[in-house]
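The values are calculated or read from the model by the stated rules, or taken from the named source; none is laboratory data. Quantities reported herein were computed from a predicted structural model and do not represent experimental measurements. Cβ coordinates were reconstructed from backbone atoms using ideal geometry, including for glycine residues, and neighbour counts include every protein chain displayed.
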Amino acid sequence: MKINWLVICTLCFTPAVFAQGGPQQQQKRFGDSTCLPAYLAQYDVNGDGVISEEEKQVMDLARDQIQKKLRTDWDTNGDGKISDQERTQAKDRLRDMITECRTTRFQEADLDSDGVLSYEEFILLPGMAKKLVDKPDVVVAIFDRLDTDDSGAISLEEFLACVKQCDQARDGTGTGTGSGK
């Protein structure tokens, strides 16, 4: 049976957290073992930083509801099947939503609103700030890779182009060579 990529995509939006095996059934913790990422924290009803089996079941139910809604949204003619045309339209809408989200994140990081990320703004990004402590050379390399025109700053276009190349490499539709530097 052919698995619909849209269904897989939906499953990725709300990942489940499974208990690790063993008689004691330890729950997986995140980050500093006291907090969950925002997308999981909403399911941590008791606030203990762990997704219990009951909370996981609620998460799974929510994922199923999201999946049904998306399938209904994508099935524009209501025939219960996702045609190639509907699949293409859904991909285009998802791509637009992702680009919009990435643009918003870029603008939030652009503290002086000049349309580019300076190195100083770049290192303030949560993922980069942590890497800066452990591996400063990696942060510089990432910044240089994103700054394809060697201007000393990352424009939105450079950022989106590099992210698109990474996505294509992951999907097997591109070379994934980054900026080509």
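Once segment 73-98 is narrowed to residues that are within 17 Å of the chain's Cα centre (by Cα) and surrounded by 14 or more Cβ atoms within 10 Å (Cβ to Cβ), the residue that is farthest from residue 157 (Cα to Cα) is 91. Scanning segment 109-121 for residues that are farther than 18 Å from residue 160 by Cβ and part of a loop (DSSP other than H, G, I, E, B) yields 111, 112. Quick check, is residue 82 more than 23 Å from residue 127 (Cα to Cα), modelled with pLDDT of 85 or more and in a loop (DSSP other than H, G, I, E, B)? It is true that residue 82 is more than 23 Å from residue 127 (Cα to Cα), modelled with pLDDT of 85 or more and in a loop (DSSP other than H, G, I, E, B). For segment 64-117, the candidate set comprises residues that are in contact (Cβ under 8 Å) with a residue 12 or more places away in the chain and of a type in the set (Gly, Ala, Ser); within that set, the residue that is farthest from residue 146 (Cα to Cα) is 90.
If only one of 132, 124, 61 is in contact with a helix residue (DSSP H, G or I) (Cβ under 8 Å, 6 or more places away or on another chain) and assigned to a helix (DSSP H, G or I), which one is it? Before you say what the answer is, go through the steps one by one.
Values: 124 fails: assigned to a helix (DSSP H, G or I); 61 fails: in contact with a helix residue (DSSP H, G or I) (Cβ under 8 Å, 6 or more places away or on another chain).
Answer to the selection: 132.
State which residue is nearest to the chain's Cα centre (by Cα) when the search covers only segment 115-136 and only residues that are surrounded by fewer than 13 Cβ atoms within 10 Å (Cβ to Cβ) and closer than 14 Å to residue 159 by Cβ. Don't jump to the end; show me each part of the working.
Here is the first cut: in segment 115-136, the ones surrounded by fewer than 13 Cβ atoms within 10 Å (Cβ to Cβ) are 115, 120, 126-127, 129-130, 133-136.
Checking the rest, the ones that are also closer than 14 Å to residue 159 by Cβ come to 115, 127.
Details: 115: 22, 127: 13 Å.
If we take residues in segment 115-136 being surrounded by fewer than 13 Cβ atoms within 10 Å (Cβ to Cβ) and closer than 14 Å to residue 159 by Cβ, then 127 is nearest to the chain's Cα centre (by Cα).
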